[in-house]
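The values are calculated or read from the model by the stated rules, or taken from the named source; none is laboratory data. This structure is a prediction, so every number in the text was calculated from the model and none was measured. Cβ coordinates were reconstructed from backbone atoms using ideal geometry, including for glycine residues, and neighbour counts include every protein chain displayed.
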Amino acid sequence: MLRGLITTVIALVWAAILVLVGGRFLALLVDANRDSEIVQRLYRHSDFWVKPFFGMFDLANKTVSDTGGVFEPASLIAFVVYFIAGALVLSILGATWGGGWFYTRRHAHEV
């Protein structure tokens with residue numbers, strides 16, 4: 001039971017990071033209203049997770065002419081890195097604890 005709780009907490013934290021970073025990427029891409037409190041919070045909370053990826057590979061932000069938004073490579077790289085890292089951590093935990101992401105416990109009467 002404790003293993004399932006730990007895995008669930010890790011998966012929820014992983015999902016929250018992905019939502020923040022992915023939401024930031026999409027909000028910048030579609031030029032979301034920066035005066036909106038939700039967008040301001042999204043940028044503020046996602047900044048911590050994206051900052052380590054700024055300046056990586058000398059990629060610069062590019063303006064998107066169709067939407068007026070900005071393509072931020074750091075957000076996209078951060079999303080991919082966190083996705084892969086989270087998937088690896090959950091896979092290792094699942095393998096170590098005898099199950100995967102979709103592990104279901106067998107009851108004695110099912111064996």
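Can you tell me which of SER36, SER75, SER65 is more than 30 Å from LEU93 (Cβ to Cβ), of a type in the set (S, T, N, Q) and modelled with pLDDT of 85 or more?
Every option except SER36 fails the conditions.
Name the residues in region 29-39 that are of a type in the set (A, V, I, L, M, F, W, C), more than 11 Å from PRO73 (Cα to Cα) and not in a loop (DSSP other than H, G, I, E, B), would you?
Those that are of a type in the set (A, V, I, L, M, F, W, C), more than 11 Å from PRO73 (Cα to Cα) and not in a loop (DSSP other than H, G, I, E, B): ILE38, VAL39.
All but one of (1) polar (S, T, N, Q); (2) at pLDDT 85 or above; (3) surrounded by fewer than 15 Cβ atoms within 10 Å (Cβ to Cβ) hold for SER46; state the number of the condition that does not hold.
(3)
Can you find even one residue in region 19-26 that is within 30 Å of ALA95 (Cβ to Cβ), surrounded by fewer than 19 Cβ atoms within 10 Å (Cβ to Cβ) and not charged (D, E, K, R)?
Yes, region 19-26 contains a residue that is within 30 Å of ALA95 (Cβ to Cβ), surrounded by fewer than 19 Cβ atoms within 10 Å (Cβ to Cβ) and not charged (D, E, K, R).
What about SER91, is it over 20 Å from GLY4 (Cα atoms) and either in a helix (DSSP H, G or I) or modelled with pLDDT of 90 or more (or both)?
It is false that SER91 is over 20 Å from GLY4 (Cα atoms) and either in a helix (DSSP H, G or I) or modelled with pLDDT of 90 or more (or both).
Do we have any residue at all in region 98-106 that's at pLDDT 75 or above and either of a type outside the set (S, T, N, Q) or crowded, with 16+ Cβ neighbours inside 10 Å (or both)?
no
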